[in-house]
Amino acid sequence: MMRRFLALLCLTVASPTWANASGATYHCNFGKYGSIIIDTRSPDASISINGRRREAQSGSYFYQTRDGEEVVMFGPDMRYWEYKGVRDMHCSRRSNGKPSR
């Protein structure tokens, strides 16, 4: 029984789906639009623009504020982010408060 539990735990931790479900925070620089922080961690997803944090929801390849006014799109595997036609290929990613790439 304990071996099954450990095997299941190892598979869960190694699973990319599990990693994406936990979410991360991305700090991007969109040139003339400045720095934007996208927090994809559920249930408190948010987008912070010019220091103003707004609740967000996810969709297929995008996060948008709850009121629908701001949308930040991402590419496959969140390798890049795009805002109003400006793309950042080098957003810094933080998972559980620790920087990663």
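Bear in mind these aren't lab numbers, they're just calculated from the coordinates by the rules spelled out. Predicted, not measured: the structure shown is a model, and the values here were computed from it. Reconstructed Cβ throughout: ideal geometry from the backbone, glycine too, with neighbour counts over all protein chains shown.
Using just the alpha carbons, could you tell me how many Å³ per residue the convex hull of the stretch 19-74 encloses?
Dividing the Cα hull volume of the stretch 19-74 by its residues yields 78 Å³.
Taking the stretch 45-95, how much of its Cα-Cα pair set, in percent, is spaced more than 12 angstrom apart? Display every interim value, and only then the final one.
Numbers: 819 of 1275 pairs.
Of all Cα-Cα distances in the stretch 45-95, 64 percent exceed 12 Å.
What net charge is computed for the residues neighbouring Asp39, neighbours being all others with C-beta under 14 Å from the C-beta of Asp39, Lys and Arg scored +1, Asp and Glu -1?
Values: positive: Arg41, Arg52, Arg53, Arg54, Arg66, Arg93, Arg94; negative: Asp44, Glu55, Glu70.
With Lys, Arg at +1 and Asp, Glu at -1, the net is +4.
Within 10 Å, count the other beta carbons around each residue, average over each peptide in 35-41, 60-66, and list them highest first. Could the numbers behind the result be given before it?
Details: 35-41: 19.1, 60-66: 14.4.
Per-residue mean Cβ counts within 10 Å order the peptides as 35-41, 60-66.
Give, in nm to one decimal, the length gained when the segment between Ser48 and Glu69 is fully stretched (0.36 nm per residue of separation minus the Cα-Cα distance).
Details: separation 21, 0.36 × 21 = 7.56 nm, distance 1.26 nm.
Answer, rounded to one decimal: 6.3 nm.
Along the Cα→Cβ direction, 7 angstrom out, place labels at Arg94 and Glu55. What is the inter-label distance in nm?
Output for this residue pair reads 2.3 nm.
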